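Below is one structure; the comments refer to it alone.
Computed from the coordinates by the stated procedures, all read-outs in this text should not be read as laboratory data. No experiment lies behind these values; they were computed from the predicted model shown. A quick note on method: Cβ atoms are made from the backbone with ideal geometry, for glycine too, and the neighbour counts reach across all protein chains shown.
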Amino acid sequence: MAGGSHEVDATQESTLGGNHPISPTLAKRAVESCETDPRATSRSNMYHGAKTWNPFKGCGFDCAYCGPSFRLQAKRQKHNCMRCYEYVPHFHPERLGEIPPATIVFVCGNGDIAFASTDQMDAVIASVADWTRRHPQSEKVFYFQTKKPQCLQPHLTALPPSAIIVTTLETNRDRGYEAVSTKAPPPSERYRQFLDLDYPRKIVTIEPVMDFDVDVFASWIIKINPELVYLGFNSRLKPKLPEPTPDKLVEFAKLLGAAGISIVGKTLRGLELTGVSWTSELQVETGDNPEACGSVAASCPAAPKAAPSCE
């Protein structure tokens, strides 16, 4: 549950001092999107140039802003899979070999992998690792995103270099988070779980951004030291969530920029933030050789994204 013992002591979290490694250099680059098998993948409605790959689908966190997005899209699947239609967590092993040819792949992106069993996660990771071994020069990256980061702990050593672990942190405030979800780990718990994962490749999505405490929230992101942060307001009219003022976002972006953390802007409603780009490259380790690096773009243009044609 949100609030209560999950609140972080601001006196402990507001210090921004200390050494912080600079994230890899990020440079603008175009992303090419590809047509893929509609049974297992779809155009991401959140990240231009990305595809979702759904050998596992569904979520039990019941986040309010998923209603008009993932849950609504799932209703298109009534004649294909009733479990997809109902958005309940379930496995599609027949999709394990259908990894799409996009440069960014959201692994089980139409759900949360926290609800997958150990065997299911092992099977998904094995498919990703096998694909990476068979394409040693590929610049493809795989986003493993969850609101319960500790679920990744048993699997970290099995992830290939192309895998990036991702979590969403909309705010540093637990109090009031029940407006989003009473089932997902509150922000402070999610932050500590993500921070505790000993893994070199991390991304934080701050979308939809909710009102926050600038120093506290910035210190969280700096301590996590992600190679990239996605930042944006709620792209839909509902639910109506408490949002930070423009001045807060400006100061927040300055603090992250000063720490060498790259930010990619999404739905910012015309707000200009120093150091925030719309297209950034991620450094990609290819194959088994960490020195053989390529790059992949994470692009978020201002134009509306195409809605997924299927799940």
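Odds and ends about this structure:
- 5 angstrom amide H check on CYS81, placed H, neighbours 5+ away: none
- As a proxy for reagent exposure, ranking CYS59, CYS81 by other Cβ atoms within 10 Å from fewest up yields CYS81, CYS59.
- Peptides 91-99, 237-245 ranked from most to least packed by the mean count of surrounding Cβ atoms within 10 Å: 91-99, 237-245.
- Neighbourhood net charge (13 Å Cβ-Cβ; Lys/Arg +1, Asp/Glu -1) for THR167: +1
- Surrounding net charge for ILE104, when Lys and Arg each add one and Asp and Glu each subtract one, Cβ distance under 9 Å: +2
- Potential lengthening between ASP196 and ASP130 on full extension [0.36 nm per residue; Cα-Cα distance subtracted]: 21.0 nm
- ARG83 versus ASP211: modelled label distance in nm, points set 7 Å from Cα along the beta carbon direction: 4.1 nm
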